[in-house]
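**Student:** Here it is: the structure, laid out below.
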Amino acid sequence: MIEEDRDRAEHVAGGGLLHRRALLTAAMVSAGGLITNAAAAGGAAPASMLKPGAPLSGYGTRASSGAAVQRIVPKLSFPGSGSSRTPLHLLEGTITPNGLHFERHHNGVPDIDPAQHELLVHGLVRQPLLFRYDDLLRYPRHSRILFVECSGNSSAIGAPQPVQVSAGQLNGLLSCAEWTGVRLSSLLEEAGMAPQATWVQAEGADAAAMTRSIPLSLCLDDAMIALFQNGEPLMPSQGLPMRLLLPGMEGNASVKWLRRLKLMAAPALSREETAKYTDLRTDGKADLFSLRMGVKSIILRPSFGLDLRGRGYQEISGLAWTGRGRIRSVEVSADGGASWAEAALDGPILPAALTRFRMPWHWNGAPAVLMSRATDQTGAVQPQRAAWIARYGVGQGYHSNAIQAWGVDAQGRVAHVYA
């Protein structure tokens, strides 16, 4: 049976990649066993059937078996400043549970009472407006599934040597959720925008007074003031009581604990958009306000720490996303980029959201190098690492979307490699 299935599988690229619609049956992956004894099929009742279960609770908790799925929290040099990463390699689908959404704080998580919080809209407007949290709850609500990615995500790919850490550690400054709130355009139109207004300065109520300048056009293009995440009010670490949310833009611009929006004729050129969050280039210049995140994909399984358990049929799985609309396709290579095959994409494929891709693979035990390459609806293609390094140099920490590679040795061990 296994040999028959193997013969039917269509190889579409080197290294054992199969057609993306290949059916990996139980016989192919050797995951199940045949039951030949009817009595054995029934068996004794498990312990869970012999006594009542746990009572109802006010808020659900995870199973004890899932306790190991935690955010990746580094040791911090300065209390309150730093980031924790989503364990992407341990999750499935595309939606990140609220408690596992990555964090990035510049001076800790403020303790804010939503009943006392206010949002000021002022500057080049007809009439300044002050919105309380309860005021925004009365406006029509808008929901979208969107990714949020820190611009420093995947910065380790610029290191001189491959860093040997999990896919979540490398790429976990990335999460995706259903966000619900008020369209920012509604508030700006109510305040009345002056003709000379072309920029908006957003400020947070944290101790860092996080401040970013944003083109007004982005604020009028489906941006929102988010109040809810995955159906419940924002967690304090995600901006309670309200945060700015800019689809497809770098996470730092989606200012949390939002308290002020000032319309201006020019950017403020604050610390966060000059000394930080700029892209230094090898020609000695720097790209400013490169807010939109580039097309990108990462393989999560197999990856460092998730070694292959044996030869045979496997599934290569990962995530793709872009700040420029929808993902059009994802290609996978098992031979270090010598040949590529198109992966299957799980739907729905939404703009500025994560897309899960899957690729059937028959591993014959030979060393392999796994890579993924995404293309978005604009035709932009994820760049090779060498091309990205040629533009930005080794050590650049922002907006890395270069192709990442995993090497598999003859024992099935997986390591981060450069290809």
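**Student:** Run down ARG271, ARG243 and say which single residue is of a type in the set (D, E, K, R) and within 22 Å of HIS101 (Cβ to Cβ). Break it down stepwise before answering.
**Tutor:** Details: ARG271 fails: within 22 Å of HIS101 (Cβ to Cβ).
ARG243 is the lone residue from the list that is of a type in the set (D, E, K, R) and within 22 Å of HIS101 (Cβ to Cβ).
**Student:** Confirm whether ALA209 is open to solvent by 30 Å² or more (accessible area, probe 1.4 Å), within 14 Å of GLU272 (Cβ to Cβ), out of contact with any helix residue (DSSP H, G or I) (no Cβ under 6 Å at 6 or more places or on another chain) and of a type in the set (A, V, I, L, M, F, W, C). It would help to see each step written out before you state the result.
**Tutor:** On the way: open to solvent by 30 Å² or more (accessible area, probe 1.4 Å): yes; within 14 Å of GLU272 (Cβ to Cβ): yes; out of contact with any helix residue (DSSP H, G or I) (no Cβ under 6 Å at 6 or more places or on another chain): yes; of a type in the set (A, V, I, L, M, F, W, C): yes.
Criteria met by ALA209.
**Student:** Could you pull out the residue among SER186, SER237 that is more than 22 Å from the chain's Cα centre (by Cα) and either open to solvent by less than 30 Å² (accessible area, probe 1.4 Å) or of a type in the set (Gly, Ala, Ser) (or both)? Reasoning before the result, please.
**Tutor:** Values: SER237 fails: more than 22 Å from the chain's Cα centre (by Cα).
After ruling out the rest, the residue left standing is SER186.
**Student:** A further question on this structure: Would you check if LEU170 is out of contact with any Lys or Arg (no Cβ under 7 Å at 6 or more places or on another chain), open to solvent by less than 30 Å² (accessible area, probe 1.4 Å) and more than 27 Å from THR86 (Cβ to Cβ)? It would help to see each step written out before you state the result.
**Tutor:** Details: out of contact with any Lys or Arg (no Cβ under 7 Å at 6 or more places or on another chain): yes; open to solvent by less than 30 Å² (accessible area, probe 1.4 Å): yes; more than 27 Å from THR86 (Cβ to Cβ): no.
No.
**Student:** OK, next. Among the residues of region 71-101, which ones are open to solvent by 30 Å² or more (accessible area, probe 1.4 Å), closer than 20 Å to SER317 by Cα and either at pLDDT below 95 or not in a loop (DSSP other than H, G, I, E, B) (or both)?
**Tutor:** Within region 71-101, ARG85, LEU90 meet the criteria.
**Student:** Return the only residue of ARG62, ARG104, ARG138 being open to solvent by 60 Å² or more (accessible area, probe 1.4 Å), closer than 26 Å to ASN171 by Cβ, in a loop (DSSP other than H, G, I, E, B) and not polar (S, T, N, Q). Spell out the reasoning first.
**Tutor:** Working: ARG104 fails: in a loop (DSSP other than H, G, I, E, B); ARG138 fails: closer than 26 Å to ASN171 by Cβ.
Selected residue: ARG62, the only one of ARG62, ARG104, ARG138 that is open to solvent by 60 Å² or more (accessible area, probe 1.4 Å), closer than 26 Å to ASN171 by Cβ, in a loop (DSSP other than H, G, I, E, B) and not polar (S, T, N, Q).
**Student:** Looking only at region 84-113, count how many residues are under 14 Å from the mean Cα position of the chain (by Cα) and not hydrophobic (A, V, I, L, M, F, W, C). Full working, then the answer.
**Tutor:** First pass over region 84-113, keeping only residues under 14 Å from the mean Cα position of the chain (by Cα): 84-98, 100-104.
The next check asks that each one be not hydrophobic (A, V, I, L, M, F, W, C); those that pass are 84-87, 89, 92-94, 96-98, 101, 103-104.
Final tally of qualifying residues: 14.
**Student:** Quick test of your reading of the structure: THR282 fulfils all but one of (1) open to solvent by 40 Å² or more (accessible area, probe 1.4 Å); (2) hydroxyl-bearing (Ser, Thr, Tyr); (3) more than 20 Å from PRO383 (Cα to Cα); (4) in contact with a helix residue (DSSP H, G or I) (Cβ under 9 Å, 6 or more places away or on another chain). Name the failing condition by number.
**Tutor:** (3)
Each row is one residue, and each column tells you yes or no for (1) modelled with pLDDT of 95 or more; (2) in contact with a strand residue (DSSP E or B) (Cβ under 9 Å, 6 or more places away or on another chain); (3) open to solvent by less than 30 Å² (accessible area, probe 1.4 Å); (4) not acidic (Asp, Glu).
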| position | (1), (2), (3), (4) |
| --- | --- |
| PHE289 | no, yes, no, yes |
| ILE299 | yes, yes, yes, yes |
| PRO302 | yes, yes, yes, yes |
| GLY318 | yes, yes, yes, yes |
| THR322 | yes, yes, yes, yes |
| ARG326 | yes, yes, no, yes |
| VAL332 | yes, yes, yes, yes |
| ASP335 | yes, yes, no, no |
| ALA338 | yes, yes, no, yes |
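**Student:** Read through the list (1) touching a strand residue (DSSP E or B) at 6+ places or on another chain (Cβ under 7 Å); (2) under 20 Å from ARG212 (Cβ atoms); (3) surrounded by fewer than 17 Cβ atoms within 10 Å (Cβ to Cβ), then give the number of the only condition that MET293 fails.
**Tutor:** With respect to (1) touching a strand residue (DSSP E or B) at 6+ places or on another chain (Cβ under 7 Å); (2) under 20 Å from ARG212 (Cβ atoms); (3) surrounded by fewer than 17 Cβ atoms within 10 Å (Cβ to Cβ), MET293 is out only on (3).
**Student:** Among the residues of region 349-372, how many are assigned to a loop (DSSP other than H, G, I, E, B) and either out of contact with any Ser or Thr (no Cβ under 9 Å at 6 or more places or on another chain) or of a type in the set (A, V, I, L, M, F, W, C) (or both)?
**Tutor:** Of all residues in region 349-372, those assigned to a loop (DSSP other than H, G, I, E, B) come to 349-354, 364-367.
Then keep just the ones that are either out of contact with any Ser or Thr (no Cβ under 9 Å at 6 or more places or on another chain) or of a type in the set (A, V, I, L, M, F, W, C) (or both); that gives 349-350, 352-354, 364-367.
Matching residues across region 349-372 total 9.
**Student:** What number of residues within region 141-156 satisfy the criterion of being open to solvent by less than 40 Å² (accessible area, probe 1.4 Å) and more than 19 Å from LYS276 (Cβ to Cβ)?
**Tutor:** Taking region 141-156 and keeping what is open to solvent by less than 40 Å² (accessible area, probe 1.4 Å), we get 142, 146-154, 156.
Applying the additional criterion that residues be more than 19 Å from LYS276 (Cβ to Cβ) yields 142, 146-147.
Total satisfying the criteria: 3.
**Student:** For region 114-163, which residues satisfy the criterion of being among the acidic types (Asp, Glu) and in contact (Cβ under 8 Å) with a residue 12 or more places away in the chain?
**Tutor:** Pass one, region 114-163, residues among the acidic types (Asp, Glu): 118, 134-135, 149.
Answer for region 114-163, where residues must be among the acidic types (Asp, Glu) and in contact (Cβ under 8 Å) with a residue 12 or more places away in the chain: GLU118, ASP134, GLU149.
**Student:** Right, something else. Would you mention how many residues in region 373-394 are open to solvent by 60 Å² or more (accessible area, probe 1.4 Å), assigned to a loop (DSSP other than H, G, I, E, B) and closer than 20 Å to GLY284 by Cα?
**Tutor:** 1
**Student:** Right, something else. Filter region 126-135 down to residues that are under 15 Å from ARG243 (Cα atoms), among the hydrophobic types (A, V, I, L, M, F, W, C) and either open to solvent by 90 Å² or more (accessible area, probe 1.4 Å) or in contact with a Cys (Cβ under 6 Å, 6 or more places away or on another chain) (or both), then give me how many there are.
**Tutor:** Qualifying residue count for the region: 0.
**Student:** Of GLY231, GLY204, GLY284, which residue is in contact (Cβ under 8 Å) with a residue 40 or more places away in the chain, more than 25 Å from GLY123 (Cα to Cα) and small (Gly, Ala, Ser)?
**Tutor:** Values: GLY204 fails: more than 25 Å from GLY123 (Cα to Cα); GLY284 fails: in contact (Cβ under 8 Å) with a residue 40 or more places away in the chain.
Exactly one residue qualifies, and that residue is GLY231.
The values are calculated or read from the model by the stated rules, or taken from the named source; none is laboratory data. Quantities reported herein were computed from a predicted structural model and do not represent experimental measurements. Cβ atoms come from the backbone with ideal geometry, glycine included; neighbour counts cover every protein chain shown. Just the protein is used for accessible areas: all its heavy atoms, side chains included, with ligands, DNA and RNA removed. Shrake-Rupley method; radii C 1.70, N 1.55, O 1.52, S 1.80 Å.
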